[in-house]
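See structure below.
The values are calculated or read from the model by the stated rules, or taken from the named source; none is laboratory data. Note that this is a predicted model, so its numbers are computed, not measured. Cβ atoms come from the backbone with ideal geometry, glycine included; neighbour counts cover every protein chain shown.
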Amino acid sequence: MNHMIEELAALVGRDNVAADPASLEAYAQDESFVPRLTPWAVARPGSAEEVQRVVAWANETATPLVPVSSGGQHFHGDTVPSTPGAVMLDLRRMDKILRVDRRNRMAVIEPGVTYPQLQAALAAEGMRVTPPLLPRADKSVVASLLERQPTLIPRYNFHLPEPLRSCGVVWGNGETMFTGEAGTGPESLEAQWQAGGVQADPKGPAQTDFFRLLTGAQGTMGVVTWAAVKCELLPAAHEYLFAAAAELDELVDFTYRLDRLRLGDEVLIFNDSYLARLLASRDGVTVDPDALPAWTLVLGLGGREYFAAERVAVQKKDSEVLAGEFGLTLQSSIAGAATADIAAALAGCCKTPWKLAAEGACADVLFVTTLEEAPAFTEIAHIVADGHGYAAEDVGVYIQPQHQGVTHHVEFSLPYDASVAGTREDMSDLSDDLAANLMAAGAYFSRPYGPWAQPVYNRDAAARDALRKIKAIFDPAGIMNPGKLCFGAPVAPRALAEKEA
């Protein structure tokens, strides 16, 4: 065992390898319900070359690798090992912003770059990247985009992984590749920049969008070592408007029309329970869910550079007229909540995971669907929750239009007190039952974490078998995060064999 530690140390440096119980404990479990399993060691590479050396070593020793690039608490079980003897490949040392290109509105970053770090660098150039909803301060931008976390501005969402474009990857077989536009030039970013390349087009090399093999893959195909991210200009003027409704159905047609006309920037919907907890994440803010509307649509209007205020004013008038056509009224404030608190929650990051503030633990069930189906799915969530003794009014609902309104992320958030004996097990049962009922009703789990994976892939055996063939090409030894999605465990790692001997 010590011999293998020394082998890893030779690849990434002795200070960047850990096998002590305290270090391993941080990776053994997260906030999800996946079984607890302690990894064998942690390796922290500092460059793409070191990543490639570790992947080659893992192939030689049949050692499972679990990539992770975000700090703090994790939530979906994708970074908890599924097989013994795993090495955590912690990429947080790779935290350089390699390039900010104002002219082409692009940034090239390593996987350890966080949202606060990137947004600060982009703000200096008058830009930003569209974030997910209130990411934690140590959340990796690359990890968020690879896992297709929904972003807040649907009209900039040209495909679900947006704003991810080209990337560099070390596949599970140890080979390197640049995807997209970057794959058509020399395998040197500096050489491509000198030749005028900007890594903006995600398609390629050739006719295959290889980057799609990495999105939603939970680290089972390879390790991304850099990513090109499309940016947007910071608005010089910005205003939020709100539409309140007693029923979700009242907001459906209006939301579709907003997305079709590309009107506004942020477009998102909360129920009262979710919005109250989101706002309560800010220090000193307390919100009574009963004081909020049952449903709130948030519309952000932005004006950039020239005539910014006039742009916002025109969008505001158009939005108000459009809302009236659907029997809605747009307001500059919402009952029971301060507009400044809503703006801060949508534009900022949280130091600690905000969903844990209410009860100390939270279970999320998330999927994609069309918006007109969301009310029926919400009713299913209430029925299932009630059947498990969980108060339906405590089920938080967040709906985020994606892909310019073509599809919608729907998230049911279930806070609970894990300190009460048996509650965690009860919530695990509730989560699984809810997911099963939603799938049966047609919900599409595009990010099938933990126990959701098997029923998802069993519904489409042809796609499952195709994915396994692709996995065999890019990761023939099965070392990359085995046991996730539809991929089984690899052969017994050498670390376990030496330990048993």
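The set of residues from the stretch 58-69 being surrounded by 21 or more Cβ atoms within 10 Å (Cβ to Cβ) and over 30 Å from residue 365 (Cα atoms) comprises 58, 63.
Mind listing just one residue for me: the one in the stretch 173-222 that is of a type in the set (Phe, Trp, Tyr) and modelled with pLDDT under 95 and, of those, surrounded by the fewest Cβ atoms within 10 Å (Cβ to Cβ)? Only one residue tops the list, namely 210. Is it the case that the stretch 157-172 has a residue that's at pLDDT 95 or above, among the β-branched types (Val, Ile, Thr), buried (at least 20 other Cβ atoms within 10 Å of the Cβ) and outside any helix (DSSP H, G or I)? Yes, the stretch 157-172 has at least one match.
Pairing each residue of the stretch 49-60 that is touching a residue at least 12 places away in the same chain (Cβ under 8 Å) with any residue that is polar (S, T, N, Q), provided the two are 6+ apart or on different chains, yields C-beta distances under 6 Å for 51/225.
With respect to being within 24 Å of the chain's Cα centre (by Cα) and either crowded, with 16+ Cβ neighbours inside 10 Å or not aromatic (Phe, Trp, Tyr) (or both), residue 393 falls outside the description.
Listed here are the residues, each with its yes/no results for (1) within 23 Å of residue 356 (Cα to Cα); (2) outside any helix (DSSP H, G or I); (3) among the polar types (S, T, N, Q).
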site: 37; (1), (2), (3): yes, yes, no
site: 59; (1), (2), (3): no, no, yes
site: 63; (1), (2), (3): no, yes, yes
site: 89; (1), (2), (3): no, yes, no
site: 98; (1), (2), (3): no, yes, no
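Just one of the listed residues (363, 309) is of a type in the set (A, V, I, L, M, F, W, C), in contact with a strand residue (DSSP E or B) (Cβ under 9 Å, 6 or more places away or on another chain), in the same structural domain as residue 412 (by TED's automatic domain parsing) and modelled with pLDDT of 95 or more, namely 363.
Considering the conditions (1) among the basic types (Lys, Arg); (2) part of a helix (DSSP H, G or I); (3) at pLDDT below 95, residue 282 is excluded by exactly one of them, (2).
Within the stretch 396-423, take every residue that is in a helix (DSSP H, G or I) and touching a helix residue (DSSP H, G or I) at 6+ places or on another chain (Cβ under 6 Å) and give me the one that is surrounded by the most Cβ atoms within 10 Å (Cβ to Cβ). For the stretch 396-423, the residue satisfying everything is 405. Please work out if residue 281 is touching a residue at least 12 places away in the same chain (Cβ under 8 Å), over 22 Å from residue 135 (Cβ atoms) and polar (S, T, N, Q). So residue 281 fails the test. Within the set 260, 277, the sole residue that is of a type outside the set (Val, Ile, Thr), outside the structural domain of residue 121 (by TED's automatic domain parsing), over 22 Å from the mean Cα position of the chain (by Cα) and outside any loop (DSSP other than H, G, I, E, B) turns out to be 260. Can you say whether residue 216 is within 17 Å of residue 333 (Cα to Cα) and in a loop (DSSP other than H, G, I, E, B), as far as the supplied structure shows? So residue 216 fails the test.
Looking across the stretch 408-431, the residues that are in contact with a Gly (Cβ under 9 Å, 6 or more places away or on another chain) and not small (Gly, Ala, Ser) come down to 411, 412, 414, 415, 416, 417, 426, 430. Taken over the stretch 317-346, the residue count meeting the criterion of being touching a residue at least 40 places away in the same chain (Cβ under 8 Å), under 30 Å from the mean Cα position of the chain (by Cα) and assigned to a helix (DSSP H, G or I) is 8. For residue 33, the criteria (1) in a helix (DSSP H, G or I); (2) crowded, with 16+ Cβ neighbours inside 10 Å hold in every case but one, which is (1).
Restricting the stretch 113-143 to residues that are charged (D, E, K, R) and assigned to a strand (DSSP E or B), the residue that is nearest to residue 221 (Cα to Cα) is 136. For the stretch 427-478, filtered to residues that are outside any helix (DSSP H, G or I), hydrophobic (A, V, I, L, M, F, W, C) and within 21 Å of the chain's Cα centre (by Cα), the residue that is farthest from residue 81 (Cα to Cα) is 443.
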